[in-house]
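What follows is one structure encoded as structure tokens, with my remarks underneath.
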There are 2 protein chains.
Amino acid sequence: MAKQKRNAQETKLKILTNAKLLFSKQGYDATTVDDIANASDVNKALIYYYFKNKSGLYSEVMSGLFDAIYEEVVNSSKKCNSVVDELEVFIYSYASYAYKHPYFPALLLRELSDSGAHLPEMMFVSMRRLFSLLSDILKRAEEQKVFKHSIAMVVHFMIIGGLNLMVTTKPLRVKAMKMDKDIDTCADCLVDDVAEFIFETMKNSLEVR
Amino acid sequence: MAKQKRNAQETKLKILTNAKLLFSKQGYDATTVDDIANASDVNKALIYYYFKNKSGLYSEVMSGLFDAIYEEVVNSSKKCNSVVDELEVFIYSYASYAYKHPYFPALLLRELSDSGAHLPEMMFVSMRRLFSLLSDILKRAEEQKVFKHSIAMVVHFMIIGGLNLMVTTKPLRVKAMKMDKDIDTCADCLVDDVAEFIFETMKNSLEVR
DNA sequence: GATAAAATTAACTAATCAGTTAGTTAATTA
DNA sequence: TAATTAACTAACTGATTAGTTAATTTTATC
């Protein structure tokens, strides 16, 4: 039976971690509970012991991720002296997290691709919260006459769309580079260079001159 | 048996259309061949008569879409007198197509979210081709000293990421607006306003001053 | 009009899926 | 230390899935 001593927290975490990786790689529907159980080296019934069902597991995976990135972005913003700094830090911290946790962009894009049809409610709240952060930055920047008026939602999606897609398409871009050296798909671009380019693009465009 | 006269082309098209809608709405894995057959009001075995298998059907759906958008963008570009015009038209024609065919952004984002792991080969080629278009515009603009140097791949993803996400998240944004009027999620934004904002953002940032 | 080919049908198949059940074992409690 | 609880297991269940088969019907060809 048990190969070693029991540790419930450790078991649960193992399940969550493997679920996160598999949902990220294969998507929710193509990932079976058996997949997750096998990857975690636990009996499938255990997953129902710890989580209500497959979607309950998914919800926990996603809420963990959203909480983490929100904290990352918020905590980074606290050290800023200006709204332009805040925008920069928003972009850098989001980029940093996304590159370090590539399952996050994959999961997020999948959810957003069907308008969150199966989006757990708390995830919806988290996303609105994240957008609020950026929206607030842009609004204050406008009030301070640092930035022009902007469509915050579009800014948001240009930033996170750009970043997320840069993460998720890495293998594709590497493949494309091998096939055609004339096309620069940024296969070796560093995360900071990407974040910097996006930040400079937004700043140069929005700043009042 | 047959409820009316047979028309093979019409039957095939009906299957493709319904497959496109369902794959777009539910994703590949959650859409069953039975779903598609029922939606098309045909016998399931017919799908195997016309297409090799489920993934063969998917490939045909996707290649149709990519050919269509590529043509749309290319044909629009032919009427341009300057590289800046070309960029504008690239963005506007992509936006126009994406808004008129919301299943395309949904399908594309899903594929890109897992780095095209299941991406049909011809779709990979189509995407590279589309990116080449933009990359070429930016390169020429740089050579003509109209635009500064840019990371074409990041520009590409900021543009298509922004546009695609604006399309796919429409219902989410409407929902968010209802819950909190203080947040402007651009729920009623017009496609041309979005395209214009994205174009102006890229132009203002990249143009040499 | 007869035959062949194309389009279509109903029924079938083996495998897989989310979830369940009853039993076992380790850890905790009294 | 015995009883209870928590963590875990193997096996099961009914429904669903992609794909198949053989038969039927319609259309095209001669």
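Where helices (runs of 4 or more DSSP H) sit wholly within the range B:1-113, those with at least 2 residues that are on the phi < 0 side of the Ramachandran plot, touching a residue at least 40 places away in the same chain (Cβ under 8 Å) and within 14 Å of chain A (Cβ to nearest Cβ) occupy B:8-26, B:54-77, B:83-100, B:103-113.
Please determine, by comparing only the residues of the range A:115-152 that are at the interface with chain B (Cβ under 10 Å from one of its Cβ atoms) and among the β-branched types (Val, Ile, Thr), which one is nearest to A:LEU65 (Cα to Cα). The selected residue is A:VAL125. Here is the figure for the range B:192-201: residues that are more than 7 Å from every other protein chain (Cβ to nearest Cβ) and either at pLDDT below 95 or farther than 17 Å from B:SER96 by Cα (or both) total 0. Restricting attention to the range A:173-191, the residues being more than 10 Å from every other protein chain (Cβ to nearest Cβ) and part of a loop (DSSP other than H, G, I, E, B) number 3.
Only one entry in B:TYR70, B:TYR103, B:TYR92, B:TYR97 is away from DNA strand C (no atom under 16 Å from the Cβ), crowded, with 16+ Cβ neighbours inside 10 Å and farther than 19 Å from B:HIS156 by Cα, namely B:TYR103. For B:ALA152, indicate whether it is over 18 Å from A:LEU134 (Cα atoms), without any contact (Cβ under 8 Å) to a residue 24 or more places away in the chain and of a type in the set (Gly, Ala, Ser). Criteria met by B:ALA152. For the range A:114-156, residues that are farther than 14 Å from B:ILE183 by Cα, in a helix (DSSP H, G or I) and of a type in the set (Asp, Glu) total 3. Exactly one residue out of B:SER40, B:SER63, B:SER76, B:SER55 is over 22 Å from B:LEU119 (Cβ atoms) and more than 10 Å from DNA strand C (Cβ to nearest atom), and it is B:SER76. Taking (1) of a type outside the set (Val, Ile, Thr); (2) more than 19 Å from the chain's Cα centre (by Cα); (3) surrounded by fewer than 19 Cβ atoms within 10 Å (Cβ to Cβ) in turn, B:SER40 satisfies each apart from (3).
Note on the range A:169-209: residues that are crowded, with 16+ Cβ neighbours inside 10 Å and farther than 30 Å from A:GLU142 by Cα amount to 13. Of all residues in the range A:187-202, those that are without any contact (Cβ under 8 Å) to a residue 60 or more places away in the chain have Cβ atoms under 6 Å from Cβ atoms of residues that are among the small types (Gly, Ala, Ser), 6 or more apart or on another chain, in A:THR201/B:SER205.
The values are calculated or read from the model by the stated rules, or taken from the named source; none is laboratory data. Note that the coordinates shown come from a computational prediction; the quantities given were computed from them, not determined experimentally. Positions of Cβ are generated from backbone atoms using ideal geometry, with glycine treated the same way; all protein chains shown enter the neighbour counts.
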